[in-house]
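What follows draws every value from the coordinates through simple rules; no lab data is involved. Here the structure is a predicted model, which means the values were calculated and not measured. Cβ atoms come from the backbone with ideal geometry, glycine included; neighbour counts cover every protein chain shown.
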Amino acid sequence: MHLNKEKTFIITSILVGSIILSSALISLSSFFWDDSDFRDDSEGSVSYDVPNFIHINNNWSQTASYYAWCKGGNGTVNNPYIIENIVVESNNEIACILIENSNDFFIIRNCKFRNSRSSGIKLSQVSNGQLFENDCSFNQVDGIYLYLSDYIEIMNNNLCSNSNDGLRLRHSSYNTIINNQITYNNDGFTAAWSSYNIIQQNVVNNNEYYGLNLDYESNHNTIENNTCNNNYRGIVNGYECIYNNFIGNIANYNYVGIQIDDMNNTIANNTANYNGYYGIGIRENENSVIGNMANFNGKYGIRISYSITKEFFNNSANYNKHSGIFFRRCDNNSIENNRANYNENNGILLIGSCYNVILGNIAINNTYGVNLKDESNNNEIRENLLSNNTICYSQDGTCYGNVFIDNIC
């Protein structure tokens with residue numbers, strides 16, 4: 001049982017690469033400003049005559065000169081426009097605040113945008129904005145909606161109880177989304193046709209369907225250290241979404257913890273426990289599945305279907321109701337140095353899967369340590385610790401050409 005030097009190099013390269021990508025994107029977004037440079041706490045209690053709908057359409061200077069609630073700047077990184085400490089409760093079908101066709105630097109901070117028949121904040125063809133510490137709740141569509149908008153920082157906002165999404169991105173890239181509370185919406189966070197975004201340290205709990213969902217060619221995103229609990233599906237990477245990194249997230253108490261439906265993504269060091277169906281599910285090829293924990297799930301810990309994984313090692317899948325690790329119709333995978341213990345049926349289960357190598361795993365205290373079924377042929381099962389199982393390893397009558405070498409039963 002070993003993890004050879006080549007595998008060690010691969011996992012180190014992947015994690016270092018992800019850190020470099022995150023650092024590069026954070027640096028890209030950090031050109032905005034430190035917003036504390038523009039705070040005026042003495043004005044925190046000032047009351048303004050605010051309309052029930054704010055519309056800025058490439059006219060920041062006119063808005064700042066006419067309305068006291070928009071503090072004058074010149075729209076540069078060192079002198080942004082600022083809207084703060086206001087409440088807009090709108091009953092219109094557009095938004096509480098709509099900003100369009102803007103490249104000026106601006107801050108919207110410590111405001112409440114609620115009860116719109118559309119979205120709390122809507123940005124359309126906008127860049128260089130910061131949305132910070134706002135409450136965008138109880139809107140009939142989205143809390144915050146970005147369309148064709150890039151280089152926006154969205155931090156420390158409360159996006160609660162919106163009828164559609166807490167936060168929605170469409171055709172919006174290079175945005176930074178950090179430390180938001182996104183709860184009790186229909187969907188928590190969704191992105192479509194949106195790439196190179198950083199989504200970190202958000203709490204995305206108790207949403208009716210998706211917690212965090214990437215869809216429709218949303219590529220090269222970093223999804224890291226988010227908590228996505230008590231949703232129907234915690235984290236989803238949809239079809240046509242590739243080269244995304246899912247690292248260090250928690251997805252517990254959902255029906256499905258983490259679901260990956262396309263190729264060339266990295267799923268590393270995530271926790272997906274106590275989900276109703278499975279902890280982590282992977283479909284499609286060339287995904288890297290490394291160092292994850294998927295325990296106490298209602299059926300499977302980790303379920304891989306119709307896939308050739310790039311890497312699959314150092315995962316833990318214990319105490320699941322059916323199987324710890326399940327490969328279905330998967331060929332030519334290397335399944336190494338994983339733990340699949342105390343599962344009710346199988347530690348490692350292969351169905352219709354051929355030419356795989358199962359090497360150096362620990363699968364103890366299950367009914368079957370390793371179980372091959374339904375024409376799982378020409379697999380190599382070698383140097384695994386399979387003790388204290390009811391049946392050490394097994395293959396049914398449809399399987400042939402499998403080799404069992406130096407396993408400990």
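DSSP loop GluC sites (Glu not before Pro) in segment 312-404 with at most 16 other Cβ atoms within 10 Å of their Cβ, which ones?
GLU344, GLU375, GLU383
Could you let me know the centre-to-centre spacing of segment 69-96 and segment 376-409, using Cα atoms, in angstrom?
So the two Cα centres are separated by 65 Å.
What number, in percent, do you get for the relative contact order of the chain if the mean sequence gap of Cα pairs under 8 Å and at least 6 apart is divided by its residue count?
7 percent
What is the count of Lys pairs in the chain whose alpha carbons sit under 23 Å apart, if the two are 8 or more places apart or on different chains?
Lysine pairs, 8 or more places apart or on different chains, close enough: 8.
Please find the FRET efficiency linking ASN74 to GLN201, where r is the Cβ-Cβ separation and R0 is fixed at 22 Å, and quote it to the nearest 0.05.
For R0 = 22 Å, the calculated efficiency reads 0.10.
Which loop GluC sites (Glu not before Pro) in segment 83-132, with loop taken from DSSP, have no more than 14 other Cβ atoms within 10 angstrom of their Cβ?
Those satisfying the criteria are GLU93.
If the only charges are +1 at each Lys and Arg Cβ and -1 at each Asp and Glu Cβ, what is the size of the charge dipole of the chain around the Cα centre, to the nearest 20 debye?
Value, rounded to 20: 860 debye.
Would you calculate the separation in nanometres between label points at ASP406 and ASN378, each defined as 7 Å from the Cα along the Cα-to-beta-carbon direction?
Roughly 2.3 nm, to one decimal.
Considering amide H positions built from the backbone, and no H for Pro or chain starts, which residues 5 or more places from ASN92, or on another chain, come under 5 Å of its amide H?
ARG117
Taking 0.36 nm per residue of sequence separation and subtracting the Cα-Cα distance, how much length would be gained by fully extending the chain between SER394 and ASN156, in nm to one decimal?
The span from SER394 to ASN156 would gain 80.5 nm if fully extended.
Counting other beta carbons within 10 Å of each Cβ, put HIS55, HIS322 in order, fewest first.
HIS55, HIS322
So if I place +1 on the C-beta of Lys and Arg and -1 on the C-beta of Asp and Glu, and nothing else carries charge, what would the dipole magnitude of segment 278-391 be about its Cα centre? I want it in debye, nearest 20.
With only Lys, Arg, Asp and Glu charged at Cβ, the dipole is about 340 debye.
When the label point is put 7 Å from the Cα of TYR209 along its Cα-to-beta-carbon vector, which residues of segment 148-164 have a backbone N closer than 19 Å?
So the set is 160-164.
Any idea how far apart TYR306 and ASN115 come out in nm if each label point goes 7 Å out from Cα toward Cβ?
4.9 nm
Take the alpha carbon atoms of segment 199-260, find their center, do the same for segment 264-309, and report the distance between the two centers in whole angstrom.
Between the Cα centres of segment 199-260 and segment 264-309 lies a distance of 12 Å.
Sticking with the crude label model, points 7 Å out along Cα→Cβ, report the distance from VAL357 to ILE94 in nm, one decimal please.
6.3 nm
Going by C-beta contacts inside 10 Å, put THR63, THR222 in order with the fewest on the left.
THR63, THR222
Mind checking which of GLY324, ASN285, VAL88 is farthest towards the positive end of the chain's charge dipole, using Cβ charges of +1 (Lys, Arg) and -1 (Asp, Glu) about the Cα centre?
GLY324
Of (1) 33, 26, 22; (2) 39, 24, 20; (3) 49, 19, 16, which one was derived for semi-axes √(5λ) of the Cα gyration tensor in Å from the structure shown?
(3)
Tell me, in nm to one decimal, what length is gained between HIS55 and VAL87 on full extension, where the rule is 0.36 nm per residue of separation less the Cα-Cα distance?
Net length gain for the segment: 10.1 nm.
Loop-only trypsin sites (Lys or Arg not before Pro) in segment 258-322, please: DSSP not H, G, I, E or B, and at most 16 other Cβ atoms within 10 Å.
Qualifying residues, ordered by number: LYS321.
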